Each structure stands twice: as C-alpha cells, then as structure tokens.
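Contents: one structure, followed by commentary.
Every number in this text was worked out from the coordinates using simple rules, so none of it is lab data. This structure is a prediction, so every number in the text was calculated from the model and none was measured. As a convention, Cβ positions derive from the backbone with ideal geometry for all residues, glycine included, and neighbour counts pool all protein chains shown.
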Amino acid sequence: MPLRRKPSHLLLHTQVPARVTESFILSGYRFPDYSFLECLLSAFQPTNETGNFWTHFLAVFVFALSFLELFFTRDSTPSFSDPFFYPLWNYVIGVFGLLLASSMAHLFNSMSLLVREICFFVDYGTISAYTVGSSLAYFYYIHPQTAAPGNASSDPWQPLRGVGFFDTLYIPSACLVAVICTLACCSTRRRWRKYRYLIRTFVFLLPFTVASAPIFYRLYAGPLNGTLAPFFYRHCFWLLASAVFNVSKIPERFSPGKFDIWGHSHQWFHCCTFMSILDELRMIKGEIRWLSAVTDPAAELPLAAATLCSTYGVMFGVQCCIGGIISAFAVWASGDHREKAVDVNHRKCS
C-alpha cells in the first residue's frame with residue numbers, strides 16, 4: 001500500500017516531474033497532487049513558491065492604498081459614472097487581474113500537472129490584458145492631444161492628427177500585440193522550453209514599446225507636467241531590472257540550493273515588476289491631476305472623450321480573445337496529459 005504524502009513534506013528537484021522544476025532551484029518543491037486546502041496552507045509554509053505568492057498578493061493591497069490616494073484629491077476624485085475615468089478603471093482592473101492571477105497561479109499550481117499548466121496560461125493572459133489597460137490609460141491621459149487643448153498651432157502631433165495615424169492604430173496595435181504575447185508565452189510551455197525565460201521576457205518588451213509610444217513622443221516634443229519623465233524613467237528601470245532577474249536567474253545561478261526558499265530570482269522579478277507598476281500608477285495619477293488642473297471645464301479636449309465601448313468594450317473584447325487562447329491551450333494540455341496517462345498504464349500492463 002503506497003504511503004500517503006504528508007502535506008508539509010517538501011521534495012528535491014529529483015523527486016518531482018521535470019516540468020515542475022526550475023533552473024538552479026534544488027529543493028522546496030511540492031508534489032503536484034495537493035488538494036485545494038493543502039495549497040492554501042502551503043502559503044504559510046516555507047516552499048519555493050511561498051515568496052512568489054506573497055510578493056504579488058501583498059502587492060494587491062499596496063497598489064490599492066496608492067490608488068485610493070486619488071479619492072482624497074479634490075479635483076480628481078474618480079467616479080464610476082464619469083467617462084473621463086473609464087480608462088483609469090480599466091487600468092486598475094488590469095493591474096488587479098495581473099497581481100491576483102500571478103499570486104493564485106503560484107499558490108495553486110501544485111494541484112496537478114494540468115492545473116499547473118492552466119494556472120500559468122491564465123497568468124500570461126492577465127499580463128497581456130494589463131498591457132491593454134495601460135495602453136488605454138496612456139491613450140486618454142498621456143496622449144499629446146490631451147496636454148495642449150488650446151495650443152493647436154504649436155501642436156507637434158498635427159501631422160499625425162491630420163491622417164488619424166495614432167488615433168486609428170494605437171489601441172488596435174496594443175490589442176493585437178497582447179494577443180500575440182499570450183500565444184507566444186503559452187506556446188513556451190509546449191515547446192522552446194530551453195529558452196522559455198528569454199522568450200517570455202523579450203515577448204513582453206513588445207507591448208511595453210507599443211504602449212509607451214505616446215510617452216516617448218511627449219518626452220521628445222512635450223509638453224511635460226514635471227512628473228511624467230521621472231516616474232517613466234523609474235518605471236523603465238524597474239522593468240529592466242525585472243528582465244535581468246528573469247533571464248539571468250541571479251542569484252541562485254551562482255549558488256544553487258542556497259536561495260531555494262527565499263531570495264531567488266523570481267521573487268526579485270515580482271518585486272521589480274510591481275515597483276514598475278507602482279511608478280506607472282504614480283505617473284498616471286500625475287497626468288490626471290494635471291489635466292484636472294489645466295483644463296477649462298467649459299472647453300473640450302482635442303482628443304475624443306472615452307466611451308464605454310472604447311474602454312470597457314475594448315478590454316472585454318481582448319479578454320474574450322485571450323480567454324479563447326487559454327481555453328485552446330488548456331484543451332491541448334489536457335489531451336497531452338491523457339495520452340501520457342494511457343502510455344503509463346499501457347507500460348504497467350506490459
């Protein structure tokens with residue numbers, strides 16, 4: 001009669017399936033047959049996923065506190081019914097989705113190998129959805145047209161505005177890139193596993209480049225409100241630091257086994273990505289306050305006002321596409337696991 005695994009018993013990398021192991025992490029593994037309750041309890045046990053869970057779960061509350069500062073500002077208190085704040089709410093939804101999906105994926109991925117695959121498919125999808133939320137906020141709050149409502153004669157965007165280049169292609173491009181990123185990252189769980197960290201890291205540089213287009217132009221041509229540049233540079237610094245940690249696997253690369261529980265690269269990756277989100281939020285809040293202060297309420301901004309369709313509708317459409325991709329990969333993963341189970345049973349019978 002096989003021995004029952006104790007919930008608190010952690011394993012070495014040689015005692016778990018190869019797909020569960022991480023580079024240079026030698027111990028602290030949970031065998032992929034935990035129950036839902038055991039996964040919950042493991043959040044309070046020293047496993048190699050404990051830090052991964054808490055670094056993004058606690059970040060939810062830190063982000064919420066930083067966001068709530070807007071409610072104590074007289075001129076820019078967010079309202080659910082005000083179209084001006086529709087992009088902000090979509091951005092917040094994207095961030096909360098990313099942080100919660102990431103933390104839950106690291107907590108519950110040991111329920112089974114199939115659940116592990118689905119957890120990280122969802123994780124990649126929410127990252128892509130977050131980039132669309134960021135793009136909506138950038139489009140409506142950092143777009144140069146919003147910054148110079150009464151200065152059309154000196155508007156550096158006049159050539160682009162004339163042909164509608166930016167207004168027409170920016171959001172569709174962000175959505176397309178989000179879908180491509182989800183496809184690419186989910187694919188790395190089926191192939192290219194040797195280069196999976198490199199591919200995932202560089203794949204998500206693409207949406208950053210696309211989403212940041214209005215910021216790059218504002219930094220080049222102005223106008224600036226005094227907080228855009230420093231917060232954006234810090235945002236870029238933390239993103240670069242997170243990429244370095246994710247690809248290099250420092251510090252565990254130099255001392256395998258020493259950072260299995262605390263201090264390994266994925267935990268630092270989480271911390272750096274959250275710091276980048278926090279500076280991004282500060283940047284967006286600064287733009288909202290600036291627009292509230294400099295814009296005459298009786299005047300219309302050159303940029304078209306946000307609508308339910310152009311914000312929530314876009315986010316919903318992207319979520320549907322990403323959900324379809326995740327479902328397709330989940331079905332393929334389920335088929336793979338069934339085939340492997342049949343092979344194992346066939347060998348036992350032989």
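Data overview
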item: Among T188, Y217, P207 the positive-end extreme of the charge dipole of region 171-218 (Cβ point charges); result: T188
item: Sites S27 and T209 - FRET efficiency at Förster radius 41 Å, r taken between beta-carbons, to 0.05; result: 0.60
item: Projected area averaged over orientations for region 11-114, convex hull of C-alpha atoms, nm²; result: 8.7 nm²
item: Ranked by how many other beta carbons lie within 10 Å on average, peptides 327-334, 208-215 from highest; result: 208-215, 327-334
item: Once the Cα gyration tensor of region 200-247 is diagonalised, semi-axes √(5λ) in Å; result: 23, 13, 5
item: Förster-model FRET efficiency, 56 Å R0, C309 and T14, C-beta, rounded to 0.05; result: 0.55
item: Whole-Å distance, taken between Cα centres, linking region 75-147 and region 37-64; result: 19 Å
item: Cα pair distances of region 165-272 binned at 10 Å [whole percent]; result: 13, 32, 33, 17, 5, 0
item: Ranked by how many other beta carbons lie within 10 Å on average, peptides 120-131, 193-204 from highest; result: 120-131, 193-204
